[in-house]
Amino acid sequence: MVNAADSQLQGLELSAEFAATDQLTLFTSAAYNDTEYKNFVDGTDNYNGQEFLFAPKFTASVGANYQFNKRWMMATDVIYRGDSVSGYTFDGSGNVTDERRNDSVTLVNVNTEYAINDNFRVSGYVKNLFDKEYITNNQTGNVLDVGAPMTFGVALRYDY
């Protein structure tokens, strides 16, 4: 691993939560990041003036949490992550000639929870509800990492 000698990150992040009713809470967030390697040479590869790897410019989310009664709750969120540079191609002199990018993606997640009593809770979730296919690591050659497919889960929780 190599550390960039000089870099710059500027951005803004906003978030808000609103209790619409005693039962319904709404939330949202958004972020913008502007990144640049100022002085970063790795061997002969010159990253100066390039964006940080794996740093999307835009991210955002919106969601809601609804408490039906003391025992039953449901929540959902929609998360957006913009595309990002995942790798650079360099010429023989170490100058950037091309870039590889990760996909932007919007995912929907759902969670529900039921309190069996004061100590036991059972919850279930679905992540990536619409089973979106997207690239999370597109660095070199024909090797790609992809995002997790639709995932279901159930959990039991005991508080003592």
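The values are calculated or read from the model by the stated rules, or taken from the named source; none is laboratory data. Values in this document were obtained by computation on a predicted structure and should not be read as measured data. Backbone-built Cβ (ideal geometry, glycine too); neighbour counts: all protein chains shown.
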Would segment 139-150 turn up any residue that is farther than 26 Å from Thr76 by Cα and touching a Gly at 6+ places or on another chain (Cβ under 9 Å)?
-> yes
Sort out for me the strands (runs of 3 or more DSSP E) sitting completely within segment 57-160 that have 2 or more residues that are surrounded by fewer than 16 Cβ atoms within 10 Å (Cβ to Cβ) and not small (Gly, Ala, Ser).
-> 58-67, 72-81, 96-102, 105-115, 120-127, 135-140, 143-146, 151-158
Could you grab me the full set of residues in segment 98-157 that are of a type in the set (Asp, Glu) and either modelled with pLDDT of 95 or more or over 29 Å from Asn46 (Cα atoms) (or both)?
-> Glu113, Asp118, Asp131, Glu133
Is there a residue being among the basic types (Lys, Arg) and within 30 Å of Gln10 (Cβ to Cβ) anywhere in segment 114-131?
-> no
Tell me, which residue of segment 38-54 that is out of contact with any Leu (no Cβ under 9 Å at 6 or more places or on another chain) and among the aromatic types (Phe, Trp, Tyr) is farthest from Arg101 (Cα to Cα)?
-> Phe40
Subset of segment 1-51, residues of a type in the set (D, E, K, R) and either surrounded by 14 or more Cβ atoms within 10 Å (Cβ to Cβ) or in a strand (DSSP E or B) (or both), comes to Asp6, Glu13, Glu17, Asp34, Glu36, Lys38, Asp42, Asp45, Glu51
Any residue at all in segment 77-95 that is out of contact with any helix residue (DSSP H, G or I) (no Cβ under 9 Å at 6 or more places or on another chain), without any contact (Cβ under 8 Å) to a residue 60 or more places away in the chain, under 23 Å from Leu26 (Cβ atoms) and hydrophobic (A, V, I, L, M, F, W, C)?
-> yes
Looking at this structure, is Phe54 aromatic (Phe, Trp, Tyr), under 27 Å from Thr136 (Cβ atoms) and modelled with pLDDT under 95?
-> yes
